[in-house]
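Novice: Quick one: the structure is below, and I'll ask about it shortly.
The values are calculated or read from the model by the stated rules, or taken from the named source; none is laboratory data. Just so it is clear, the model here is predicted, and its values are computed rather than measured. Using ideal geometry, Cβ is built from the backbone for each residue, glycine included, and neighbour counts are taken over all protein chains shown. For the accessible areas, the whole protein counts, side chains as well, though only heavy atoms, and no ligand, DNA or RNA atoms are used. Shrake-Rupley method; radii C 1.70, N 1.55, O 1.52, S 1.80 Å.
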Amino acid sequence: MELVEVITKTGKYRGILLPSGEIFDRGFIILKLENGYNIRIRKSQVKQIKRIKKLPQPKQERGKEIKFEESLPVVSILSTGGTIASRVDYLSGGVHASFELSDILATVPELLKLAQLRSKVVMQVMSEDMHVGLWKRIARAVFEELTKEDVDGVVVTHGTDTMHFTSAILSFVLRNLNKPVVLTGSQRSSDRGSSDAFLNLICSVKAATLDIAEVMVCMHGSSHDDFCYLHRGCRVRKMHTSRRDAFQSINDKPIAKVFSDGKVEFLNTYRRRDESRIKLDLKLEPRVALIYSYPGADPGIIDFFIDRGYKGIVIAGTGLGHVPTSFKKYSFIPKLKRAYEEGVAVCITSQCLFGRTNPYVYRNLRLVSMVGKAIYCEDMLPEVAYCKLIYVLGKTKDLDEVKKLMLTNMAGELKERSEFHDQAGTF
Ligand code: GLU
(Lines give C-alpha, C1' and ligand atoms only; values in the text may rest on other atoms or scores of the structure.)
Protein backbone atom coordinates (compact mmCIF):
# COMPACT_ATOMS: atom_id res chain seq x y z
CA MET A 1 0.00 0.00 0.00
CA GLU A 2 1.28 3.40 -0.90
CA LEU A 3 0.38 6.91 0.28
CA VAL A 4 0.52 9.25 -2.70
CA GLU A 5 -0.33 12.74 -3.81
CA VAL A 6 -2.08 12.92 -7.15
CA ILE A 7 -1.80 16.21 -8.99
CA THR A 8 -4.43 16.68 -11.67
CA LYS A 9 -5.32 19.51 -13.99
CA THR A 10 -7.87 20.72 -11.43
CA GLY A 11 -6.37 19.95 -8.00
CA LYS A 12 -4.30 17.82 -5.62
CA TYR A 13 -5.54 14.69 -3.83
CA ARG A 14 -3.73 12.82 -1.08
CA GLY A 15 -4.59 9.23 -0.29
CA ILE A 16 -3.82 5.57 -0.66
CA LEU A 17 -3.51 4.25 -4.16
CA LEU A 18 -5.79 1.26 -4.62
CA PRO A 19 -5.50 -1.39 -7.28
CA SER A 20 -7.94 -1.02 -10.17
CA GLY A 21 -8.61 -4.17 -12.09
CA GLU A 22 -12.18 -4.06 -13.33
CA ILE A 23 -13.04 -3.23 -16.92
CA PHE A 24 -15.03 -0.15 -15.99
CA ASP A 25 -12.04 1.17 -14.01
CA ARG A 26 -9.72 1.10 -17.02
CA GLY A 27 -8.54 4.60 -17.71
CA PHE A 28 -8.93 5.58 -14.01
CA ILE A 29 -6.88 5.45 -10.85
CA ILE A 30 -8.64 4.82 -7.54
CA LEU A 31 -7.62 6.76 -4.48
CA LYS A 32 -8.78 6.19 -0.89
CA LEU A 33 -8.82 9.67 0.63
CA GLU A 34 -7.90 10.32 4.25
CA ASN A 35 -11.60 10.82 5.10
CA GLY A 36 -12.20 7.19 4.05
CA TYR A 37 -13.98 7.91 0.76
CA ASN A 38 -12.75 6.47 -2.49
CA ILE A 39 -12.53 8.56 -5.64
CA ARG A 40 -11.78 7.67 -9.24
CA ILE A 41 -9.57 10.02 -11.21
CA ARG A 42 -9.38 9.82 -14.98
CA LYS A 43 -5.79 8.98 -15.94
CA SER A 44 -5.85 11.57 -18.70
CA GLN A 45 -6.42 14.25 -16.01
CA VAL A 46 -3.37 13.17 -13.94
CA LYS A 47 -0.31 15.39 -14.29
CA GLN A 48 1.84 13.70 -11.64
CA ILE A 49 1.68 11.04 -8.93
CA LYS A 50 4.07 11.81 -6.06
CA ARG A 51 4.90 8.81 -3.91
CA ILE A 52 4.93 9.90 -0.27
CA LYS A 53 5.54 6.65 1.60
CA LYS A 54 4.95 2.95 1.60
CA LEU A 55 2.42 1.89 4.26
CA PRO A 56 2.53 -1.40 6.16
CA GLN A 57 -0.43 -3.77 5.56
CA PRO A 58 -2.92 -3.14 8.41
CA LYS A 59 -2.72 -5.84 11.08
CA GLN A 60 -6.07 -7.48 11.69
CA GLU A 61 -6.84 -8.17 15.31
CA ARG A 62 -9.10 -11.19 15.60
CA GLY A 63 -12.12 -11.01 17.91
CA LYS A 64 -11.40 -14.53 19.15
CA GLU A 65 -8.19 -13.36 20.81
CA ILE A 66 -9.93 -10.64 22.83
CA LYS A 67 -10.08 -11.21 26.60
CA PHE A 68 -13.54 -10.75 28.10
CA GLU A 69 -14.62 -9.93 31.66
CA GLU A 70 -15.89 -13.23 33.08
CA SER A 71 -18.72 -11.73 35.11
CA LEU A 72 -20.45 -10.48 31.95
CA PRO A 73 -23.31 -12.35 30.26
CA VAL A 74 -22.42 -14.55 27.30
CA VAL A 75 -23.73 -13.57 23.87
CA SER A 76 -23.18 -15.60 20.72
CA ILE A 77 -22.98 -13.68 17.48
CA LEU A 78 -23.87 -15.68 14.39
CA SER A 79 -22.97 -14.13 11.09
CA THR A 80 -25.03 -14.95 8.01
CA GLY A 81 -23.78 -12.34 5.54
CA GLY A 82 -25.12 -9.06 4.17
CA THR A 83 -23.46 -5.68 4.34
CA ILE A 84 -22.60 -5.94 8.03
CA ALA A 85 -20.29 -8.82 7.19
CA SER A 86 -19.00 -7.22 4.01
CA ARG A 87 -16.34 -4.87 2.94
CA VAL A 88 -15.70 -2.87 -0.13
CA ASP A 89 -13.77 -4.77 -2.74
CA TYR A 90 -11.46 -2.16 -4.10
CA LEU A 91 -11.03 -4.02 -7.34
CA SER A 92 -14.66 -3.69 -8.29
CA GLY A 93 -15.79 -0.87 -6.04
CA GLY A 94 -18.61 -3.27 -5.12
CA VAL A 95 -19.40 -4.82 -1.77
CA HIS A 96 -18.44 -8.42 -1.21
CA ALA A 97 -19.37 -10.75 1.61
CA SER A 98 -15.88 -11.56 2.74
CA PHE A 99 -15.46 -10.03 6.14
CA GLU A 100 -15.39 -12.16 9.27
CA LEU A 101 -17.34 -10.85 12.20
CA SER A 102 -14.27 -11.08 14.37
CA ASP A 103 -12.86 -8.24 12.28
CA ILE A 104 -15.80 -6.05 13.27
CA LEU A 105 -15.57 -7.05 16.94
CA ALA A 106 -12.02 -5.83 17.01
CA THR A 107 -13.20 -2.40 15.87
CA VAL A 108 -16.07 -2.02 18.38
CA PRO A 109 -14.34 -1.95 21.78
CA GLU A 110 -17.62 -0.92 23.50
CA LEU A 111 -18.78 -4.51 23.07
CA LEU A 112 -16.15 -5.62 25.55
CA LYS A 113 -18.07 -3.91 28.36
CA LEU A 114 -21.40 -5.49 27.46
CA ALA A 115 -20.85 -9.21 27.12
CA GLN A 116 -18.47 -12.06 26.66
CA LEU A 117 -18.79 -12.62 22.96
CA ARG A 118 -18.53 -15.70 20.86
CA SER A 119 -18.80 -15.56 17.15
CA LYS A 120 -19.42 -17.98 14.37
CA VAL A 121 -19.85 -17.56 10.63
CA VAL A 122 -22.91 -19.62 9.71
CA MET A 123 -22.94 -18.53 6.07
CA GLN A 124 -22.00 -15.59 3.87
CA VAL A 125 -25.15 -14.85 1.94
CA MET A 126 -26.67 -11.64 0.69
CA SER A 127 -30.16 -11.72 2.09
CA GLU A 128 -31.94 -11.54 -1.27
CA ASP A 129 -30.52 -15.04 -1.85
CA MET A 130 -32.09 -16.53 1.30
CA HIS A 131 -34.53 -19.41 0.96
CA VAL A 132 -36.26 -21.90 3.20
CA GLY A 133 -33.23 -24.22 3.23
CA LEU A 134 -30.96 -21.41 4.47
CA TRP A 135 -33.53 -20.26 7.05
CA LYS A 136 -33.40 -23.79 8.44
CA ARG A 137 -29.61 -23.62 8.67
CA ILE A 138 -29.82 -20.32 10.53
CA ALA A 139 -32.54 -21.68 12.83
CA ARG A 140 -30.43 -24.75 13.66
CA ALA A 141 -27.41 -22.59 14.43
CA VAL A 142 -29.47 -20.28 16.67
CA PHE A 143 -31.07 -23.24 18.43
CA GLU A 144 -27.67 -24.81 19.04
CA GLU A 145 -26.49 -21.63 20.78
CA LEU A 146 -29.70 -21.15 22.74
CA THR A 147 -29.49 -24.64 24.18
CA LYS A 148 -26.01 -23.99 25.56
CA GLU A 149 -26.55 -23.34 29.24
CA ASP A 150 -23.98 -20.59 29.56
CA VAL A 151 -25.26 -18.61 26.56
CA ASP A 152 -27.55 -15.75 27.64
CA GLY A 153 -28.63 -14.53 24.23
CA VAL A 154 -27.97 -14.72 20.51
CA VAL A 155 -27.33 -11.99 17.95
CA VAL A 156 -27.74 -12.89 14.29
CA THR A 157 -26.12 -10.55 11.79
CA HIS A 158 -27.96 -10.57 8.48
CA GLY A 159 -28.42 -8.64 5.25
CA THR A 160 -31.06 -6.02 5.83
CA ASP A 161 -33.17 -6.52 2.70
CA THR A 162 -34.91 -9.67 3.90
CA MET A 163 -34.01 -9.61 7.59
CA HIS A 164 -37.71 -9.27 8.46
CA PHE A 165 -38.47 -12.55 6.69
CA THR A 166 -35.80 -14.35 8.69
CA SER A 167 -36.97 -12.76 11.93
CA ALA A 168 -40.53 -13.85 11.11
CA ILE A 169 -39.66 -17.46 10.34
CA LEU A 170 -37.47 -17.67 13.46
CA SER A 171 -40.41 -16.31 15.49
CA PHE A 172 -42.41 -19.38 14.45
CA VAL A 173 -39.86 -22.19 14.38
CA LEU A 174 -38.26 -21.40 17.76
CA ARG A 175 -41.01 -22.59 20.11
CA ASN A 176 -40.99 -21.87 23.89
CA LEU A 177 -38.25 -19.35 23.39
CA ASN A 178 -36.57 -18.57 26.71
CA LYS A 179 -33.75 -16.20 25.71
CA PRO A 180 -33.43 -13.19 23.41
CA VAL A 181 -32.65 -13.68 19.72
CA VAL A 182 -31.69 -10.38 18.11
CA LEU A 183 -31.24 -9.86 14.38
CA THR A 184 -29.24 -6.93 13.17
CA GLY A 185 -27.48 -5.71 10.07
CA SER A 186 -26.19 -2.57 8.50
CA GLN A 187 -26.99 -0.51 5.48
CA ARG A 188 -23.39 0.66 5.09
CA SER A 189 -20.38 -1.60 5.46
CA SER A 190 -18.22 -1.24 8.54
CA ASP A 191 -15.24 0.11 6.61
CA ARG A 192 -17.20 3.27 5.79
CA GLY A 193 -17.12 6.17 8.21
CA SER A 194 -20.90 6.50 8.08
CA SER A 195 -21.52 2.84 8.85
CA ASP A 196 -24.50 2.00 11.01
CA ALA A 197 -22.91 -1.35 11.89
CA PHE A 198 -21.35 -0.17 15.16
CA LEU A 199 -24.42 1.22 16.92
CA ASN A 200 -26.56 -1.64 15.63
CA LEU A 201 -24.10 -4.17 17.03
CA ILE A 202 -23.69 -2.42 20.37
CA CYS A 203 -27.47 -2.14 20.89
CA SER A 204 -28.06 -5.71 19.69
CA VAL A 205 -25.51 -7.19 22.04
CA LYS A 206 -27.06 -5.16 24.87
CA ALA A 207 -30.53 -6.41 23.83
CA ALA A 208 -29.30 -10.01 23.85
CA THR A 209 -28.48 -9.62 27.56
CA LEU A 210 -31.96 -8.31 28.51
CA ASP A 211 -34.84 -10.18 30.11
CA ILE A 212 -36.77 -10.54 26.84
CA ALA A 213 -37.47 -13.97 25.38
CA GLU A 214 -38.47 -13.00 21.86
CA VAL A 215 -37.08 -12.90 18.35
CA MET A 216 -36.34 -9.25 17.63
CA VAL A 217 -34.80 -6.94 15.07
CA CYS A 218 -32.51 -4.24 16.44
CA MET A 219 -31.68 -1.41 14.03
CA HIS A 220 -31.09 2.36 14.07
CA GLY A 221 -34.10 4.25 15.42
CA SER A 222 -33.15 7.60 13.88
CA SER A 223 -30.74 8.87 11.30
CA HIS A 224 -28.28 9.70 14.11
CA ASP A 225 -26.10 7.37 16.13
CA ASP A 226 -28.18 7.79 19.31
CA PHE A 227 -30.49 4.80 19.69
CA CYS A 228 -31.88 1.66 18.13
CA TYR A 229 -35.40 0.29 18.19
CA LEU A 230 -35.97 -3.24 19.30
CA HIS A 231 -38.75 -4.47 17.03
CA ARG A 232 -40.81 -7.62 17.53
CA GLY A 233 -39.54 -10.06 14.88
CA CYS A 234 -42.95 -10.67 13.29
CA ARG A 235 -44.08 -7.01 13.30
CA VAL A 236 -41.19 -5.36 11.54
CA ARG A 237 -40.37 -4.39 7.99
CA LYS A 238 -37.65 -2.67 6.01
CA MET A 239 -39.38 0.55 4.89
CA HIS A 240 -36.61 2.47 3.14
CA THR A 241 -33.96 1.43 0.66
CA SER A 242 -31.04 3.18 2.27
CA ARG A 243 -31.80 5.16 5.46
CA ARG A 244 -30.12 3.96 8.62
CA ASP A 245 -33.53 3.99 10.35
CA ALA A 246 -35.11 1.92 7.58
CA PHE A 247 -36.82 -0.58 9.88
CA GLN A 248 -40.21 0.13 11.40
CA SER A 249 -42.62 -1.76 13.60
CA ILE A 250 -45.93 -2.05 11.77
CA ASN A 251 -49.29 -2.39 13.54
CA ASP A 252 -47.51 -2.65 16.88
CA LYS A 253 -45.14 -0.56 18.95
CA PRO A 254 -41.47 -1.49 19.08
CA ILE A 255 -40.61 -3.43 22.24
CA ALA A 256 -37.99 -0.95 23.40
CA LYS A 257 -35.49 1.76 22.60
CA VAL A 258 -31.88 0.83 23.31
CA PHE A 259 -29.51 3.78 23.62
CA SER A 260 -25.83 3.85 22.74
CA ASP A 261 -24.92 4.16 26.46
CA GLY A 262 -26.81 0.95 27.24
CA LYS A 263 -29.94 2.61 28.64
CA VAL A 264 -33.18 0.82 27.73
CA GLU A 265 -36.65 2.36 27.50
CA PHE A 266 -39.48 -0.15 27.23
CA LEU A 267 -42.40 0.77 24.98
CA ASN A 268 -44.48 -2.40 24.79
CA THR A 269 -45.23 -5.63 26.58
CA TYR A 270 -42.97 -8.61 25.88
CA ARG A 271 -42.30 -12.20 26.85
CA ARG A 272 -39.72 -12.65 29.61
CA ARG A 273 -37.07 -15.32 30.10
CA ASP A 274 -38.39 -18.36 31.93
CA GLU A 275 -37.63 -22.01 32.46
CA SER A 276 -39.32 -23.13 29.20
CA ARG A 277 -37.57 -25.82 27.24
CA ILE A 278 -36.98 -24.37 23.84
CA LYS A 279 -37.99 -26.50 20.85
CA LEU A 280 -37.04 -26.24 17.23
CA ASP A 281 -39.88 -27.03 14.85
CA LEU A 282 -38.51 -27.19 11.34
CA LYS A 283 -41.37 -29.04 9.66
CA LEU A 284 -41.89 -26.48 6.93
CA GLU A 285 -43.67 -26.42 3.57
CA PRO A 286 -41.60 -24.37 1.14
CA ARG A 287 -44.13 -24.56 -1.70
CA VAL A 288 -45.73 -21.25 -0.75
CA ALA A 289 -45.88 -18.13 -2.92
CA LEU A 290 -46.23 -14.45 -2.08
CA ILE A 291 -47.87 -12.35 -4.77
CA TYR A 292 -49.33 -8.89 -5.26
CA SER A 293 -52.79 -7.92 -6.41
CA TYR A 294 -52.82 -4.93 -8.75
CA PRO A 295 -55.01 -3.37 -11.47
CA GLY A 296 -54.88 -5.58 -14.53
CA ALA A 297 -53.35 -8.54 -12.64
CA ASP A 298 -53.66 -11.82 -14.52
CA PRO A 299 -55.58 -14.26 -12.30
CA GLY A 300 -53.81 -17.06 -14.19
CA ILE A 301 -50.97 -16.54 -11.71
CA ILE A 302 -53.04 -18.65 -9.27
CA ASP A 303 -53.31 -21.47 -11.86
CA PHE A 304 -49.58 -21.22 -12.39
CA PHE A 305 -48.80 -21.91 -8.74
CA ILE A 306 -51.47 -24.61 -8.37
CA ASP A 307 -50.13 -26.37 -11.49
CA ARG A 308 -46.61 -26.25 -10.08
CA GLY A 309 -47.73 -28.06 -6.95
CA TYR A 310 -47.76 -25.11 -4.55
CA LYS A 311 -49.66 -25.69 -1.32
CA GLY A 312 -50.19 -22.10 -0.28
CA ILE A 313 -50.41 -18.60 -1.74
CA VAL A 314 -50.32 -15.34 0.18
CA ILE A 315 -51.79 -12.39 -1.68
CA ALA A 316 -50.87 -8.86 -0.67
CA GLY A 317 -54.26 -7.45 -1.65
CA THR A 318 -55.14 -3.82 -2.16
CA GLY A 319 -56.74 -1.79 0.63
CA LEU A 320 -58.79 -3.94 2.99
CA GLY A 321 -57.62 -7.05 1.14
CA HIS A 322 -59.11 -6.77 -2.33
CA VAL A 323 -58.34 -8.75 -5.44
CA PRO A 324 -60.07 -8.08 -8.78
CA THR A 325 -63.54 -9.70 -8.89
CA SER A 326 -65.88 -7.70 -11.14
CA PHE A 327 -64.82 -8.46 -14.72
CA LYS A 328 -64.77 -12.06 -15.91
CA LYS A 329 -61.39 -11.85 -17.62
CA TYR A 330 -59.73 -10.43 -14.52
CA SER A 331 -61.68 -12.03 -11.68
CA PHE A 332 -59.71 -14.03 -9.14
CA ILE A 333 -62.85 -15.71 -7.76
CA PRO A 334 -62.89 -18.81 -10.04
CA LYS A 335 -59.17 -19.26 -9.42
CA LEU A 336 -59.59 -18.98 -5.65
CA LYS A 337 -62.38 -21.57 -5.84
CA ARG A 338 -60.10 -23.88 -7.78
CA ALA A 339 -57.32 -23.39 -5.21
CA TYR A 340 -59.70 -24.28 -2.37
CA GLU A 341 -61.06 -27.34 -4.18
CA GLU A 342 -57.54 -28.56 -4.80
CA GLY A 343 -56.49 -28.01 -1.19
CA VAL A 344 -54.30 -24.97 -1.78
CA ALA A 345 -54.50 -22.41 1.03
CA VAL A 346 -54.92 -18.80 -0.07
CA CYS A 347 -54.28 -16.09 2.51
CA ILE A 348 -55.09 -12.43 2.07
CA THR A 349 -53.07 -9.59 3.59
CA SER A 350 -52.90 -5.92 2.66
CA GLN A 351 -50.21 -4.17 0.67
CA CYS A 352 -51.11 -1.06 2.72
CA LEU A 353 -49.16 -2.80 5.51
CA PHE A 354 -50.64 -0.51 8.16
CA GLY A 355 -54.15 -1.41 9.29
CA ARG A 356 -56.04 -4.66 8.98
CA THR A 357 -57.84 -6.65 6.32
CA ASN A 358 -61.60 -6.89 6.61
CA PRO A 359 -63.68 -9.16 4.38
CA TYR A 360 -67.05 -7.79 5.53
CA VAL A 361 -67.02 -4.19 4.34
CA TYR A 362 -67.67 -4.70 0.62
CA ARG A 363 -69.73 -7.32 -1.20
CA ASN A 364 -66.83 -8.25 -3.48
CA LEU A 365 -64.62 -8.83 -0.44
CA ARG A 366 -67.25 -11.13 1.02
CA LEU A 367 -67.17 -13.09 -2.25
CA VAL A 368 -63.42 -13.58 -1.87
CA SER A 369 -63.77 -14.99 1.62
CA MET A 370 -67.10 -16.83 1.21
CA VAL A 371 -66.97 -18.13 -2.35
CA GLY A 372 -63.20 -18.06 -2.78
CA LYS A 373 -62.66 -19.30 0.82
CA ALA A 374 -59.60 -17.12 1.14
CA ILE A 375 -58.26 -16.65 4.67
CA TYR A 376 -58.17 -12.98 5.75
CA CYS A 377 -55.09 -12.55 7.92
CA GLU A 378 -56.25 -9.71 10.20
CA ASP A 379 -53.36 -7.24 10.68
CA MET A 380 -50.54 -9.60 9.74
CA LEU A 381 -47.86 -8.32 7.38
CA PRO A 382 -47.69 -10.06 3.97
CA GLU A 383 -44.12 -11.29 4.60
CA VAL A 384 -45.12 -12.61 8.01
CA ALA A 385 -48.18 -14.37 6.63
CA TYR A 386 -45.89 -15.92 4.00
CA CYS A 387 -43.51 -17.26 6.66
CA LYS A 388 -46.36 -18.36 8.90
CA LEU A 389 -48.05 -20.23 6.05
CA ILE A 390 -44.76 -22.04 5.34
CA TYR A 391 -44.74 -23.00 9.03
CA VAL A 392 -48.44 -23.90 9.31
CA LEU A 393 -48.53 -25.98 6.11
CA GLY A 394 -45.63 -27.96 7.55
CA LYS A 395 -48.05 -29.12 10.27
CA THR A 396 -51.28 -29.63 8.34
CA LYS A 397 -52.73 -29.42 4.84
CA ASP A 398 -56.32 -29.50 6.13
CA LEU A 399 -57.68 -26.12 5.04
CA ASP A 400 -59.97 -25.64 8.09
CA GLU A 401 -57.05 -26.40 10.36
CA VAL A 402 -54.77 -24.11 8.31
CA LYS A 403 -57.32 -21.31 8.73
CA LYS A 404 -57.56 -21.90 12.47
CA LEU A 405 -53.78 -21.84 12.90
CA MET A 406 -53.27 -18.84 10.61
CA LEU A 407 -55.73 -16.89 12.75
CA THR A 408 -54.25 -18.01 16.08
CA ASN A 409 -51.63 -15.68 17.45
CA MET A 410 -48.35 -17.56 17.94
CA ALA A 411 -45.62 -14.97 18.34
CA GLY A 412 -47.33 -11.57 18.50
CA GLU A 413 -47.89 -11.53 14.73
CA LEU A 414 -51.59 -10.65 14.94
CA LYS A 415 -54.00 -8.80 17.15
CA GLU A 416 -57.77 -9.10 17.14
CA ARG A 417 -58.22 -5.37 17.43
CA SER A 418 -56.03 -2.53 16.22
CA GLU A 419 -55.07 0.29 18.55
CA PHE A 420 -54.60 3.92 17.77
CA HIS A 421 -50.80 3.74 17.86
CA ASP A 422 -50.88 1.14 15.11
CA GLN A 423 -51.10 3.95 12.57
CA ALA A 424 -48.09 4.81 10.43
CA GLY A 425 -45.56 7.00 12.15
CA THR A 426 -47.38 7.50 15.45
CA PHE A 427 -45.10 5.68 17.82
N1 GLU B 1 -28.85 -6.64 -0.36
C2 GLU B 1 -27.94 -7.09 0.62
C3 GLU B 1 -28.62 -7.91 1.72
O4 GLU B 1 -29.73 -7.67 2.09
C5 GLU B 1 -27.15 -5.99 1.23
C6 GLU B 1 -28.00 -4.99 1.98
C7 GLU B 1 -27.71 -4.93 3.43
O8 GLU B 1 -27.18 -5.85 4.07
O9 GLU B 1 -28.05 -3.90 3.95
O10 GLU B 1 -28.00 -8.81 2.19
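Novice: Count the net charge of all other residues whose Cβ sits under 12 Å from the Cβ of residue 113, scoring Lys and Arg as +1 and Asp and Glu as -1. If you can, show how the numbers build up before the last one.
Specialist: Details: positive: 206; negative: 69, 110, 261.
Charge balance near residue 113 sits at -2.
Novice: Once amide H atoms are placed 1.01 Å from N in the peptide plane, what residues at a sequence separation of 5 or more from residue 251, or on another chain, have their amide H within under 5 Å of its amide H?
Specialist: Placed amide hydrogens put 355 under 5 Å from residue 251.
Novice: Let me ask you something else. Do the alpha carbons of any pairs in 136/179; 279/395; 206/257; 148/415; 311/395 sit beyond 22 Å of each other, and which pairs? If you can, show how the numbers build up before the last one.
Specialist: Details: 136/179 19 Å; 279/395 15 Å; 206/257 11 Å; 148/415 33 Å; 311/395 12 Å.
Beyond 22 Å between Cα atoms: 148/415.
Novice: While we're here: Enumerate cysteines in the chain without a disulfide-compatible partner, where compatibility requires another Cys Cβ under 4.7 angstrom.
Specialist: When partners are defined as cysteine Cβ atoms under 4.7 Å apart, the chain leaves 218, 234, 347, 352, 377, 387 without one.
Novice: Next question. Which Cα, out of 405, 39, 371, lies furthest along the positive dipole direction of the chain (beta carbon charges, K/R +1, D/E -1)?
Specialist: 39
Novice: Once you've got the GNM for the chain with C-alpha springs shorter than 10 Å, pick whichever of 341, 214, 378 has the biggest mean-square fluctuation.
Specialist: Comparing 341, 214, 378 in the GNM, the peak value goes to 341.
Novice: Any idea how far the Cα center of segment 152-219 sits from the one of segment 236-288, in Å?
Specialist: 8 Å
Novice: On to the next question. Which one, 295, 73, 109, has the greatest fluctuation when you compute a Gaussian network model over the chain with C-alpha springs under 10 angstrom?
Specialist: Answer for the Gaussian network model of the chain: 295.
Novice: Determine the per residue accessible area of segment 213-302 with all protein chains present and a 1.4 angstrom probe, expressed in square angstrom.
Specialist: 46 Å²
Novice: Can you give the % of DSSP beta bridges in the chain that are antiparallel, to the nearest 5? Kindly include the intermediate steps, with their values, before the conclusion.
Specialist: Values: 42 of 73 bridges.
Bridges in the chain are about 60 percent antiparallel.
Novice: Dipole of the chain, Cα-centred, from +1 at each Lys and Arg C-beta and -1 at each Asp and Glu C-beta, to the nearest 20 debye? Let's see the in-between values first.
Specialist: On the way: 64 positive and 50 negative charges, 237 e Å.
Dipole of the chain, to the nearest 20 debye: 1140 debye.
Novice: May I pose another question? Using Cα-Cα distances under 8 Å and only pairs 6 or more residues apart, what relative contact order does the chain have, in percent?
Specialist: Working: 1006 pairs, mean separation 47.5, N = 427.
Reported as a whole number, the value is 11 percent.
Novice: Something else about it: Rg and Dmax of the chain, using alpha carbons, in Å: what are they?
Specialist: Values for the chain (Cα only, Rg and Dmax): 24.6, 77 Å.
Novice: In nm, what is the difference between 0.36 nm times the number of residues separating residue 397 and residue 267 and their Cα-Cα distance?
Specialist: Numbers: separation 130, 0.36 × 130 = 46.80 nm, distance 3.77 nm.
Result: 43.0 nm gained on full extension.
Novice: Share of the chain's accessible area from carbon and sulfur, percent, 1.4 Å?
Specialist: 50 percent
Novice: Can you give the FRET efficiency for residue 136 and residue 409, using 1/(1 + (r/R0)^6), R0 = 22 Å, r = Cβ-Cβ distance, to the nearest 0.05?
Specialist: Numbers: r = 24 Å, r/R0 = 1.07.
Given R0 = 22 Å and the Cβ-Cβ separation, E is 0.40.
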